[in-house]
1. Would you check if Ser83 is among the small types (Gly, Ala, Ser), farther than 22 Å from Tyr44 by Cα and modelled with pLDDT of 85 or more?
2. For Leu123, which of the numbered conditions (1) at pLDDT below 85; (2) in a helix (DSSP H, G or I); (3) of a type in the set (A, V, I, L, M, F, W, C) fails to hold?
3. Would you say Val71 is touching a residue at least 40 places away in the same chain (Cβ under 8 Å), closer than 12 Å to Leu114 by Cβ, exposed (fewer than 14 other Cβ atoms within 10 Å of the Cβ) and among the aliphatic types (A, V, I, L, M)?
4. Between residues in the stretch 105-123 that are under 16 Å from Leu25 (Cα atoms) and residues that are surrounded by fewer than 12 Cβ atoms within 10 Å (Cβ to Cβ) and polar (S, T, N, Q), which pairs lie under 7 Å by C-beta distance while being six or more apart or on different chains?
5. Looking only at the stretch 20-41, count every residue that is more than 22 Å from Arg117 (Cα to Cα) and of a type in the set (Asp, Glu) and tell me the total.
6. What single numbered condition from (1) closer than 18 Å to Val28 by Cβ; (2) surrounded by fewer than 12 Cβ atoms within 10 Å (Cβ to Cβ); (3) at pLDDT below 90 fails to hold for Ala91?
7. Listed residues Val77, Val61; which is in a loop (DSSP other than H, G, I, E, B) and either farther than 21 Å from Ile129 by Cβ or modelled with pLDDT of 80 or more (or both)?
Amino acid sequence: MSLARPRLYPQYPSRVVPEIGLFPLQLVLLPTERVPLHIFEPRYKELIGECLEEGLEFGLVLEDEDGRRDVGTQAAVVEVAESDVDEPDPAANDLSFELASRVDFGHELKQEILELRSERRRLKRLVEILGRAVEAIALEKEVRERASGNGRVSPR
């Protein structure tokens, strides 16, 4: 599989946008996120092989029972994954992606974060999501504590 030559897009008359190989998966990859990919299909093995050989990037886009999404992430192949987790850089313009990539929010919430264009809006949405997660964990802990009393509930 060879990548096509760059084309001039009418909506971007002054910019040449190169075509890249597309890898549709049931996975949302956020910018700065690293995930291991286990590739079995020959066409994707070929795509990744070309990316490694030629130093090219590929597009990773969510595709599930609802179809293929319009927004994805441009990704690069990393041959050696580090075992230590890097600390997020608070000064980075993509802190929201660094934070969101460390928590398994599921495909839909990660796709929602990916589609937001403003770093401020992404961070605000993450605060909302994480706030709800904290509430759910607190409620689960309280239920577990009450259930451990064999049905006896002490007044609060």
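The values are calculated or read from the model by the stated rules, or taken from the named source; none is laboratory data. As the structure is a prediction and not an experimental result, all values here were calculated from the model. All Cβ positions, even for glycine, are placed from backbone atoms using ideal geometry, and neighbour counts span all protein chains on display.
1. no
2. The one condition Leu123 does not meet is (1).
3. yes
4. His107/Gln26
5. Summing the residues that are more than 22 Å from Arg117 (Cα to Cα) and of a type in the set (Asp, Glu) in the stretch 20-41 gives 1.
6. The failed condition is (1).
7. On the way: Val61 fails: in a loop (DSSP other than H, G, I, E, B).
Result of the check over Val77, Val61: Val77.
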